[in-house]
Amino acid sequence: MKLIKARDYEDISRKAANLISAQIILKPDSVLGLATGSTPIGIYNKLVDWYNKGDLDFSQVRTVNLDEYCGLSKDNEQSYCYFMNHHLFYHVNIDLKNTNFPNGMECDAVKECNRYNQVIEDMGGIDMQLLGLGTNGHIGFNEPSDTFIRNTHQVTLLNDTVVANSRFFDSLDEVPKKAYTMGVGHIMNAKKIILAVSGENKSEILNQVLNGPVTPLVPATILQFHPDVTVVADEAALSALA
Ligand code: F6R
């Protein structure tokens, strides 16, 4: 894994956005795998700035998001679709028809997972996947477990993930307990992966991801087996590095 050391969150945002920009410039019809959460907000802000300056063209870009909460519609303010629309898609010239999410309102999990697997396959896979890192080592909503799950699946979120994500909700009770997530196989099939990690609360887990044994108990450790991962992390996140 390549490691890019950034000073702070702002520096992570600029460096990771530069990598995504280069991808779009080199391949204007790139398939981008995208993440939500706190970490990518600064990256998306930079991409919007550079689009406004005329440096980026999203007209041919296609996207697949990693995950979506079950039970939230696309226009629910807590849905990941809403997040992406408001942080990136509504501010650039992407065709919304080219943006894809698991459908959190589909109750038939088998049907929805098959549909999303097909969406990713029909696009020919992912050119560049942006990932954040959960404090428990999750990527997407691939939570720590006994096995790695290859394809899209419905997951029951672990309590620490529910607690971590409750900061975006009015109360813990409102956080959905289930989600659809892209599987580890789709992530690992991406041609390039960027893992953005910020903050001291991620330092212990980042050390395990970079230096620990590969195990589904820390799902992000599987990235050690990918040929083209770039970790962009700030000094705080790197503070526990062995
Ligand atoms: C979100 C996602 C999650 C987050 C992770 C880190 O789409 O897939 O894996 O990337 O929970 O979240 P933040 O960036 O909020 O610390």
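The values are calculated or read from the model by the stated rules, or taken from the named source; none is laboratory data. For clarity, every value in this text was computed on a predicted model and none was experimentally measured. Cβ placement follows ideal geometry from the backbone for every residue including glycine, while neighbour counts extend to all protein chains displayed. SASA here: full protein model, heavy atoms, side chains in, ligands and nucleic acids out. Shrake-Rupley method; radii C 1.70, N 1.55, O 1.52, S 1.80 Å.
Determine which member of the set SER203, SER198, SER166 is more than 10 Å from the ligand (Cβ to nearest atom), touching a residue at least 24 places away in the same chain (Cβ under 8 Å) and small (Gly, Ala, Ser). Please lay out each step first, then the result.
On the way: SER198 fails: more than 10 Å from the ligand (Cβ to nearest atom); SER166 fails: touching a residue at least 24 places away in the same chain (Cβ under 8 Å).
Exactly one of SER203, SER198, SER166 is more than 10 Å from the ligand (Cβ to nearest atom), touching a residue at least 24 places away in the same chain (Cβ under 8 Å) and small (Gly, Ala, Ser), namely SER203.
Conditions (1) surrounded by fewer than 21 Cβ atoms within 10 Å (Cβ to Cβ); (2) in a strand (DSSP E or B); (3) out of contact with any Phe, Trp or Tyr (no Cβ under 7 Å at 6 or more places or on another chain), marked per residue:
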residue	(1), (2), (3)
ASN114	yes, no, yes
GLY137	no, no, yes
THR147	yes, no, yes
ASN151	yes, no, yes
GLN154	yes, yes, no
VAL163	yes, no, yes
ASP173	yes, no, yes
ALA179	no, yes, no
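Please go through the stretch 1-12 and pick out each residue that is out of contact with any strand residue (DSSP E or B) (no Cβ under 8 Å at 6 or more places or on another chain) and in contact (Cβ under 8 Å) with a residue 60 or more places away in the chain. Give the steps one after another, and end with the answer.
Just the residues of the stretch 1-12 that are out of contact with any strand residue (DSSP E or B) (no Cβ under 8 Å at 6 or more places or on another chain), to begin with: 10.
None; the set is empty.
Among the residues that make up the stretch 203-214, is at least one of them surrounded by 16 or more Cβ atoms within 10 Å (Cβ to Cβ), of a type in the set (Ser, Thr, Tyr) and modelled with pLDDT under 95? No, there is no match, as no residue in the stretch 203-214 is surrounded by 16 or more Cβ atoms within 10 Å (Cβ to Cβ), of a type in the set (Ser, Thr, Tyr) and modelled with pLDDT under 95.
Working only within the stretch 186-202, note down all residues that are open to solvent by less than 10 Å² (accessible area, probe 1.4 Å) and outside any loop (DSSP other than H, G, I, E, B).
First, the residues of the stretch 186-202 that are open to solvent by less than 10 Å² (accessible area, probe 1.4 Å): 187, 190, 193-197.
ILE187, ILE193, ILE194, LEU195, ALA196, VAL197 - these are the residues of the stretch 186-202 that are open to solvent by less than 10 Å² (accessible area, probe 1.4 Å) and outside any loop (DSSP other than H, G, I, E, B).
Selection of first residues in the stretch 22-47 that are within 17 Å of SER59 (Cα to Cα) and of a type in the set (Ser, Thr, Tyr) and of second residues that are part of a helix (DSSP H, G or I) and within 14 Å of the ligand (Cβ to nearest atom), restricted to Cβ pairs under 9 Å at least 6 apart or on distinct chains, gives the following pairs, ordered by first then second residue: TYR44/SER13; TYR44/MET84; TYR44/HIS87.
Closer than 22 Å to ASP160 by Cβ, in contact with a strand residue (DSSP E or B) (Cβ under 6 Å, 6 or more places away or on another chain) and modelled with pLDDT of 95 or more: does that describe ASP127? Here the answer is no, as ASP127 does not meet what is asked. Taking the criterion of being within 14 Å of the ligand (Cβ to nearest atom) and in a strand (DSSP E or B), the residues of the stretch 120-135 that qualify are GLN129, LEU130, LEU131. A single entry from ASN85, ASN117 fulfils the requirement of being within 16 Å of the ligand (Cβ to nearest atom) and not small (Gly, Ala, Ser): ASN85. Counting just the residues of the stretch 56-92 that are under 21 Å from LEU26 (Cα atoms) and out of contact with any Leu (no Cβ under 9 Å at 6 or more places or on another chain), which one comes out most open to solvent (accessible area, probe 1.4 Å)? My answer is GLN60. Looking at PRO102, is it surrounded by fewer than 20 Cβ atoms within 10 Å (Cβ to Cβ) and within 16 Å of the ligand (Cβ to nearest atom)? So PRO102 fails the test.
For the structure I just gave you, tell me whether VAL110 is of a type in the set (A, V, I, L, M, F, W, C), outside any loop (DSSP other than H, G, I, E, B) and either more than 16 Å from the ligand (Cβ to nearest atom) or modelled with pLDDT under 95 (or both). Don't jump to the end; show me each part of the working.
Details: of a type in the set (A, V, I, L, M, F, W, C): yes; outside any loop (DSSP other than H, G, I, E, B): yes; either more than 16 Å from the ligand (Cβ to nearest atom) or modelled with pLDDT under 95 (or both): yes.
It is true that VAL110 is of a type in the set (A, V, I, L, M, F, W, C), outside any loop (DSSP other than H, G, I, E, B) and either more than 16 Å from the ligand (Cβ to nearest atom) or modelled with pLDDT under 95 (or both).
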